Amino acid sequence: MTTLDPALARLDARTSPSSSPRLVCRTVRVPATRVGDLLALLPDDTSQVLSWVRRGEGLVGWGEVAGLSVTGEDRFGRAQDWWREITAVADVDDEVEVPGTGPICFGSMAYSARSQTPSRLVVPAVVVGRRGRDAWVTTTWLEGEKPSPVDDAVEISLRPSPAPRAPESIRFSDGDLSAGSWAGIVEQAVARISAGELDKVVLARSLDVEADSRIDPRWVLQRLAQDYDTTWVFSVAGLVGATPEMLVRLERGLVTSRVLAGTIRRTGDDSHDLALAGSLARSSKDLEEHEYAVRSVADALAAHTSSINVPESPFVLHLTNVMHLATDVAGVVDDTSTSLALAASLHPSAAVCGTPTPVADGLIGELEQMDRGRYAGPVGWMDATGDGEWGIALRCGAQTSPTSLRLYAGCGIVAGSDAASEVAESDAKFLPMRQALTPPA
């Protein structure tokens, strides 16, 4: 099913480009020193808060010129077709011409074709970007509309907004399953793995959040960026979080993917954590889990590349609250795939589903007892050339009302998994969002 907001129906992919108003897009260069904190530019008075930022670089956007909602098995293909159609006829003036300039869409795709939650693409009215020495402002409108002068729009876009307010009286409660019930399904999964049905399955659980005041996504983004600066902090259509996992980056023919699988919780004691990192790097259970994830990514990318590089062993990625085994896979694309098409070929990877994928996905549907929505699906952005960055929507929450969120966390289950340890690992993965929502003492 494909749906669009009524005001945007004239940009439906089912209509002819020649009969639809075109996108008009202007990208202008600005001094990088003028941009400041990207997240501080996001305005409060908009229904769309869009972000893809890491260590002060990336993209923020607001407003919605065009948008697409799509569900079902072919959601990736229809989303890509819609984007290609509207950008093919767009009126573009781009004086910067680097990945992320000109027309871009932010996107967040549902994990499963079974999900009742639509995948979303959003074309912002305003985008501010910074990458190295380059900084820019892109404004987009529909042909025939009367926009503000570009110079005025740039000046307004670079003004920091009033600081967001912390949500009041945050309360956490079990989502679809209690921790004890979820431990029970972990034990069921281990039994199925031990019986030889599959090698690995990733099981997720949910946590509900309620507040007495609005939960401002800008507050969450700024807290996440402050505390987890090695992650990409994202916000698309009500899904907000911080992911350490780059599913796929495509830039001028080079594709890269960062695989994370195998996790251990940090203690805060540097010497102890160093010892834990060593034990993670030697753990047969975690190395096995990681190998499955790396193999699934390398096999998927091989179909689109002329050459591919897979390191022989992983490194340990240190985050604020946990450490992961990590491997960066890279290749040279030899077909016409866009970044979204590559993300579709990789999704779901063993890191969020399991091995073999069809068996693991079936077991998730049988045991998890919840709709993941857009959790664990690709989230990121794409420009008109098809270049872009798509992470996996982890360490995140989906806004269910102005004052409520649903948080998600998942763990890779293999033959050696212990249910109590997996509950503790999932609790560690909830921590970034819990901290981001809780005002400092």
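Only Cα pairs within less than 10 Å get springs; with that Gaussian network setup on the chain, which residue of P149, P43, P124 has the largest fluctuation?
P149
How much length is gained on full extension from S213 to Q369, taking 0.36 nm per residue of separation minus their Cα-Cα distance?
53.2 nm
Taking the Cα-to-Cβ direction at E187 and at D270 and moving 7 Å from each Cα, how far apart do the two end points lie in nm?
The modelled label-to-label distance comes out at 4.2 nm.
May I ask you to rank R133, R159 by accessible area, largest first, using a 1.4 Å probe over the protein chains only?
R133, R159
Taking all protein chains together and a probe of 1.4 Å, list D227, D151 from the most accessible to the least accessible.
Reading off the accessible areas and sorting them downward yields D151, D227.
Kindly write out, for the stretch 292-298 in residue order, the coupling ³J(HN,Hα) from the Karplus curve 6.51 cos²θ - 1.76 cosθ + 1.60 (θ = phi - 60°), rounded to whole Hz, with x marking Gly and Pro.
Residue by residue, the stretch 292-298 yields 4, 5, 5, 4, 5, 5, 4 Hz.
Determine the order of E187, E288, E422 by accessible area, beginning with the largest, at a probe radius of 1.4 Å.
Output order, biggest surface exposure first: E187, E288, E422.
Can you tell me how the stretch 353-441 classifies by the Cα gyration tensor, rounded, prolate or oblate, using a/c under 1.5 as the rounded cut?
oblate
Can you give me the solvent accessible area of F76 with a 1.4 Å probe, rounded to the nearest 10 Å²?
Approximately 20 Å² of F76 is accessible to the 1.4 Å probe.
Would you kindly derive the ³J(HN,Hα) couplings of the stretch 62-69 from the backbone phi angles with the Karplus curve 6.51 cos²θ - 1.76 cosθ + 1.60 (θ = phi - 60°), listing them in order in whole Hz, with x for Gly and Pro?
Each residue of the stretch 62-69 in turn: 7, x, 9, 7, 8, x, 10, 10 Hz.
Rounded, prolate or oblate: which one fits the stretch 171-437, using the alpha carbon gyration tensor with axes a ≥ b ≥ c (rounded when a/c is under 1.5, else prolate when a/b beats b/c, else oblate)?
rounded
Compute the angle between helix 75-88 and the longest alpha-carbon principal axis of the chain, please, reported from 0 to 90 degrees and rounded to the nearest 10.
Between helix and principal axis, roughly 20 degrees.
Which value at 222 nm does the chain reach when only helices count, each DSSP H run of 4 or more adding -39,500 (n - 2.57), with the total divided by all residues and rounded to the nearest 500 deg cm²/dmol?
So the helix-based figure for the chain works out to -8500 deg cm²/dmol.
What's the carbon and sulfur percent of the chain's accessible surface, probe 1.4 angstrom, rounded to a whole number?
Answer for the chain: carbon and sulfur cover 50 percent of the accessible area.
Leaving out ligands, DNA and RNA but keeping every protein chain, what accessible area does T355 have, in Å² rounded to the nearest 10, with a 1.4 Å probe?
Rounded to the nearest 10, the figure is 30 Å².
Using a 1.4 angstrom probe, figure out how much accessible area the chain has per residue, in square angstrom, rounded to the nearest whole.
For the chain, the solvent-accessible area averages 39 Å² per residue.
Need one number: nm distance between label points at A88 and E155, each 7 Å from Cα along Cα→Cβ, rounded to one decimal.
Distance between the two pseudo-spin positions: 4.0 nm.
With θ taken as phi - 60° and the coefficients 6.51, -1.76 and 1.60, list the Karplus ³J(HN,Hα) couplings across the stretch 203-212 in order, rounded to whole Hz; mark glycine and proline as x.
Listing the rounded values in order: 10, 10, 9, 10, 9, 9, 10, 10, 9, 8 Hz.
With an 8 Å Cα cut-off and a minimum separation of 6 or more residues, compute the relative contact order for the chain in percent.
Normalised by residue count, the contact order of the chain is 21 percent.
For the chain, with only Lys/Arg (+1) and Asp/Glu (-1) charged at the beta-carbon, what is the dipole magnitude about the Cα centre, in debye rounded to 20?
Here the chain has a charge dipole of around 420 debye.
Which of the peptides 170-181, 339-350 is most tightly packed, and how do the rest follow, going by the mean number of other Cβ atoms within 10 Å of each residue?
Packing proxy ranking, top to bottom: 339-350, 170-181.
Skipping prolines and chain starts, which residues have an amide H placed within reach, meaning under 5 Å, of the one on A166, given they are 5 or more residues away or on another chain?
For A166, whose amide H was placed from the backbone, there are no distant partners under 5 Å.
With every protein chain in place, what's the accessible area of M109 (1.4 Å probe, Å², nearest 10)?
0
The values are calculated or read from the model by the stated rules, or taken from the named source; none is laboratory data. Since we're looking at a predicted model, the values are computed, not measured. Neighbour counts run over all protein chains shown; Cβ positions are idealised from the backbone, glycine included. Calculation scope for accessible area: heavy atoms of the full protein, side chains included, ligands and nucleic acids excluded. Shrake-Rupley method; radii C 1.70, N 1.55, O 1.52, S 1.80 Å.
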